[in-house]
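**Student:** Sending over a structure as structure tokens; questions will come in a sec.
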Amino acid sequence: MPPIDGPAGRGSTGPGDETGRWLTARSGDGPAREQALARLHELLLRVAHAELNRRAGRHPITGPELDDLANQAADDALLVITAKLGQFRGESRFTTWAYKFVVLEVSSKLGRHFWRRPAVALDALDWDQLPDRFGMSPADHAERNDLVTALRTAIAEELTDRQRQVFTALVIQGIPLDALVVRLGGSRNAIYKTMFDARRKLRAALVANGYLACPARQAKLDPHDARRS
Amino acid sequence: MTAKDELDRFLHTDPRDVGCDQALRILHVYVELVLDDESGAEAARRYPGVAAHLLSCGPCAEDYEGLLLAAREIGM
């Protein structure tokens, strides 16, 4: 994947007054620092609650368990922020930078929580789920069956064992990516990269076998839809 | 949209996609650019690789939405 692009955001403007106050308070000692950390924890806790509530339809956690998870996310984010304080470069408000870590903690904790559900075995595959994963309508019965057969063949023949494992876990079983990170180890980036490569290989195979249009030809046919080409 | 279109959209990969690590490293900057220009055009212009990644990665897009909401609603 290419290196990150673009200039360094708001670096030229430097931290605003409010950010400067945060940093001054946090880099000192004594009661002022303690008050600043307590205030930051309070904000992180609000963000954690807001984030868990925003994702309410996608996890089963409620009540005291949700409060506990929010507290854990805020506690762990505060530790990370304290450790990384020297890396804050004033490219954004301090709080926006800090909130990122509590949002990431929420994602990570929800990934761990996923495995508390009734057993989900990585090798239990229901290929009948595949059409639904892509929103394929039963009305397209013939096309749907052809595509699913071609895709299954490509999955079996084109992917490495690791790519096949990740693809089937994410797509066939619907396991969230952050939960798969917990089970397989590694990082979100590593799993995503594996999936990225798998998607690219599968698309190339389906294009080569005439099931999908080749990118150059499709661009000529549909010049206004660059993302699809 | 046909079954073929749906599958094609899912399998599409953007070579500009920078991946999760790099997108998350700059996410706070990206979010503030979106707060300044809600259309997201300026953020996407400055960081096309991050924009491409957020279109393709569900977990990072989820974190982006959460951080955007927190920065907008909770702020300081």
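Where a number appears in this text, it was derived from the coordinates with a stated rule and is not lab data. From a predicted model like this one, the values you see are computed outputs, not experimental measurements. In this analysis, Cβ positions are derived from the backbone assuming ideal geometry, glycine residues included, and neighbour counts consider all displayed protein chains.
**Student:** Of the listed peptides A:95-107, A:200-212, what is their order by residue-averaged count of other C-beta atoms within 10 Å, with the highest listed first?
**Tutor:** Working: A:95-107: 26.3, A:200-212: 17.5.
Descending packing order for the listed peptides: A:95-107, A:200-212.
**Student:** Take every Cα pair under 8 Å in segment A:17-114 that's 6+ residues apart, average their separations, divide by the length, and report that relative contact order as a whole percent.
**Tutor:** 34
**Student:** Once the Cβ-Cβ distance between A:W115 and A:A32 is put in as r, and R0 is 35 Å, what FRET efficiency do you end up with, to the nearest 0.05?
**Tutor:** Values: r = 42 Å, r/R0 = 1.20.
That pair, A:W115 with A:A32, gives E of 0.25.
**Student:** Spit out the partnerless Cys residues in chain B, using Cβ distances under 4.7 Å as the pairing rule.
**Tutor:** B:C20
**Student:** Across chain B, how large is the tail of the calculated P(r) beyond 16 Å, expressed as a percent of all Cα pairs? Numbers along the way, then the final one.
**Tutor:** Numbers: 1467 of 2850 pairs.
Of all Cα-Cα distances in chain B, 51 percent exceed 16 Å.
**Student:** Here is a further query. Please list A:50-59, B:49-58 highest first by mean number of surrounding beta-carbon atoms within 10 Å per residue. Provide the component values of the computation, followed by the final result.
**Tutor:** Values: A:50-59: 15.2, B:49-58: 21.5.
Packing order, densest peptide first, comes out as B:49-58, A:50-59.
**Student:** Now for a different question. Kindly put B:E6, A:E143, B:E62 in sequence by how many other C-beta atoms sit within 10 Å of each C-beta, fewest to most. All intermediate terms of the calculation are to be shown ahead of the outcome.
**Tutor:** On the way: B:E6 19, A:E143 16, B:E62 22.
So the residues, fewest neighbours to most, are A:E143, B:E6, B:E62.
**Student:** Using all C-alpha to C-alpha distances in segment A:17-114, build P(r) with 5 Å bins and read off the rounded percent in each one.
**Tutor:** 2, 14, 24, 23, 15, 10, 7, 3, 0
**Student:** Here's a follow-up. So what is the relative contact order of chain B, in percent, for Cα pairs below 8 Å that sit 6 or more residues apart? It would help to have the intermediate numbers written out before the result.
**Tutor:** Values: 56 pairs, mean separation 25.7, N = 76.
RCO, chain B: 34 percent.
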